[in-house]
Amino acid sequence: MPHRGPKKQKFPHHPRTRKTTALKYVGHGTDQERAALLERLPDAFVSVDPHWQFTYINRQVEALVGKGREELLGRNVWDIFPIPADSLLYRNAHKAMDMQTTLEFTQFHPLLNKWFALRLYPFQDGLYTFCQDITERKHAEELLQVPAKTFWDVNKSMIVTDLQGKIIYWNEGASRLFGYTAEEMLGQTPALLYPELEKDQLAIDLEQIRKGKDYTGHWQGRRKDGTTVWVDVKTTLLRDTKGKAIGYIGIAQDTTEPWQAEEQFLYYARIAQNELDAVIVTDANYNILRWNEVAERLYGWKQEEVLGKYVGAIISTEFVATTASEASELLRSRGYWKGEVTQKRKDGTRLPLLASVSIIKDSSEKIIGAIAANREIREREESTAVESDNHLL
């Protein structure tokens, strides 16, 4: 037996012609403007009259339920979707209509096999309903019920989005790192965390990850207060128990202090050395954190090939006028070392270089990394020769 709502209506019903045609034909002026607005909504939107007949339906509804407007407009909602009278949706819809109260809740629809977030708003001629498909978010939340330490260090930032890039999980580590609360970020996209000039990069990054290429590396983000934060980050696809992709999960750790030091170093390097140097940044254990484009050209290794690897295993340094232990001792005692070395390319050949290495320390003077600016000696000699010729002119 279909449910047609309460027999007695609390709203006076005045016979009149109702607009129950498709939204693109609702007329002109304010009606047409309202229709255009409803069509642009990301959520499914429905309005019903006091008799539970569909009066407005946007395109999102058609896509969601697989039915056209012509099949729905003017029809009784409970005839089209016969659900039990004791179901949450049925009870809340009648409560919102009868008591003229706004309600928000989530509901699983067994016929569509989907989870929805619904917002109900009563008005004088019926009820407005905004509906968002949150099935992927619910699946992600189920996966995230597993104790955190089985997957990640809880002190790190963790952000989970659905496949459209909307944030569905934001932990305390993310709040500490970026300054936003979970309430501020849920439903938003990580574009807020990108510097203004790099926001377009978000879509590119997500597309690459969706194709199965995890993003691992170093990334410049933006805090709520506008300051820059450098992070070690890994972003990968989040899959359900059947292997279906349902979102993205990114785990990040703050590395701002060494990156601030690198930015300062690169600034002076660009001015004094005309960007001819291969710049390599490592942590305190000499594992590679950054490998610039000049280093890629000079050594033949791409940054993604060397990140996280021990620098000595990649370039195999041999010192010309000193030993490795003497150079290391000078570096740690003075914080800086410069000298001639030979280092290995990817193809196995060796090249002579002038190396300049600086120690990076945090605010407590603890060594947290190192920066090397290496230049092929042949280029240095050619540059010096050109400068000498210029002085003679």
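Read-outs: derived from the displayed coordinates by stated rules, not from any lab. What you see is a predicted model; the values in this text were computed from it and never measured. No Cβ is skipped: glycine too gets one built from the backbone with ideal geometry, and neighbour counts run over all protein chains shown.
Place the peptides 371-377, 316-322, 219-225 in order of packing, highest mean first, counting for every residue the other Cβ atoms within 10 Å and averaging per peptide. Before the final figure, lay out each step's value.
Working: 371-377: 20.6, 316-322: 14.0, 219-225: 15.9.
Output ranking for 371-377, 316-322, 219-225: 371-377, 219-225, 316-322.
Please say if the stretch 23-133 is rounded, prolate or oblate, where rounded means a/c under 1.5 for a ≥ b ≥ c the square roots of the C-alpha gyration tensor eigenvalues, and otherwise the choice is prolate for a/b larger than b/c and oblate otherwise? Working shown, then result.
Details: a/c = 1.60, a/b = 1.32, b/c = 1.21.
In terms of gyration-tensor shape, prolate.
Select from Thr101, Ile83, Phe54 the residue farthest towards the positive end of the dipole of the stretch 23-133; place +1 on Cβ of Lys and Arg, -1 on Cβ of Asp and Glu, and compute about the Cα centre.
Comparing the listed Cα positions along the dipole, Ile83 ranks first.
Please list the non-local residues whose amide H lies under 5 Å from the amide H of Thr317, H modeled 1.01 Å from N, same-chain partners needing a gap of 5 or more.
none
Using 7 Å Cα-to-Cβ label points, what is the Glu71/Glu172 separation (nm, one decimal)?
4.9 nm
Quick one: putting +1 on the C-beta of Lys and Arg, -1 on the C-beta of Asp and Glu, what dipole do you get for the stretch 23-133 around its Cα centre, in Debye to the nearest 20?
The dipole magnitude comes to about 160 debye.
Would you mind computing, in nm to one decimal, how far apart the modelled labels at Tyr215 and Thr323 are, each placed 7 Å from Cα along Cα→Cβ?
Taking the two extended label points, one gets 4.6 nm.
Which pairs in the list Lys138/Lys234; Lys242/Lys309; Lys156/Lys346; Lys67/Lys224 are over 31 Å apart, alpha-carbon to alpha-carbon?
Working: Lys138/Lys234 23 Å; Lys242/Lys309 34 Å; Lys156/Lys346 34 Å; Lys67/Lys224 43 Å.
Long pairs (Cα-Cα over 31 Å): Lys242/Lys309; Lys156/Lys346; Lys67/Lys224.
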